[in-house]
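The values are calculated or read from the model by the stated rules, or taken from the named source; none is laboratory data. Bear in mind the structure is a predicted one, so any value in this text is a computation, not a measurement. We place every Cβ from the backbone using ideal geometry, glycine too, and count neighbours over all the protein chains shown. Just the protein is used for accessible areas: all its heavy atoms, side chains included, with ligands, DNA and RNA removed. Shrake-Rupley method; radii C 1.70, N 1.55, O 1.52, S 1.80 Å.
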Amino acid sequence: MCICGNDLDFSECCEPIIEQKKAAKTPEELMRSRYSAYVLANGEYLIYSSAKQNRYPDDIALIKEFSNSVEWLGLDVLHVTVNTVKFRAYYRDGEGIKVLHEKSNFIQEEGLWKYADGELYNSKVQRNDNCPCGSGKKYKKCCGR
């Protein structure tokens, strides 16, 4: 299983995209590769996969610092359109389990999908949700205690 949650092995799913051996065919593929890159703290790829107007090489160190300071737990893709992907990414930091809930917008530059920007939602794991830690229990009976 890939880091992004797909059934394919990482070497067949996100790795070739992150290593720029294969282009993401859809915004969802790009978003999944970006999630995997966050898990791997690959700031260089995250900058590369952003639209030109949003590339800030100085952010690479910040991305790596954040990604290495949390434990990534999983990704849920909620809704996909032609150029948007709405998702929830779960991670654990020193304060508990957090949710990055975003509607990401993608554009094509020079024939490649790139992350343009996103709309963040204020979300948290609900008591009766399955726990993002993967235990199979409800959040309230697991990490939400």
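Taking Cβ atoms as reference points and 9 Å as the exclusive limit, the residues near N128 contribute a net charge of +2, counting Lys and Arg as +1 and Asp and Glu as -1.
Apolar share of the accessible surface for the chain: 47 percent from carbon plus sulfur atoms, 1.4 Å probe.
With 26 Å as the limit, the listed pairs K21/K98; K21/K64; K52/K98; K64/K124 have K21/K98; K52/K98 beyond it between alpha carbons. The mean sequence separation of alpha-carbon pairs under 8 Å and at least six residues apart, normalised by the residue count of the chain, gives a relative contact order of 17 percent. Would you please classify the overall shape of segment 20-77 from the alpha carbon gyration tensor, given that a ≥ b ≥ c denote the square roots of the eigenvalues, rounded means a/c under 1.5, and beyond that prolate means a/b larger than b/c while oblate covers the rest? It is oblate, given that a/c is not under 1.5 and a/b is not larger than b/c.
In the elastic network of the chain, a GNM with C-alpha springs shorter than 10 Å, the most mobile of K86, K114, K52 is K52. Looking at the chain, the accessible area is 58 square angstrom per residue; that uses a 1.4 Å probe and ignores ligands, DNA and RNA. Counting only protein chain heavy atoms and rolling a 1.4 Å probe, the accessible areas of C14, C142 rank, largest first, as C142, C14. Among [x] -0.30, -0.51, -0.90, -1.27; [y] -0.34, -0.59, -1.05, -1.47; [z] -0.34, -0.58, -0.98, -1.32, find the value of log10 I(q)/I(0) by the Debye sum over Cα atoms at q = 0.10, 0.13, 0.17, 0.20 Å⁻¹ that was calculated from the structure presented, and write down its label. Identified label for the calculated read-out: [z]. Roughly how much of T26 is accessible, in Å² to the nearest 10, using a 1.4 Å probe? T26 exposes around 60 Å² with every protein chain in place. Segment R127..V80, full-extension length gain: 14.3 nm, with 0.36 nm per residue of separation and the alpha-carbon distance subtracted.
In this rough spin-label picture, where each label sits 7 Å from Cα along the Cβ direction, the N54-E95 distance is 2.3 nm.
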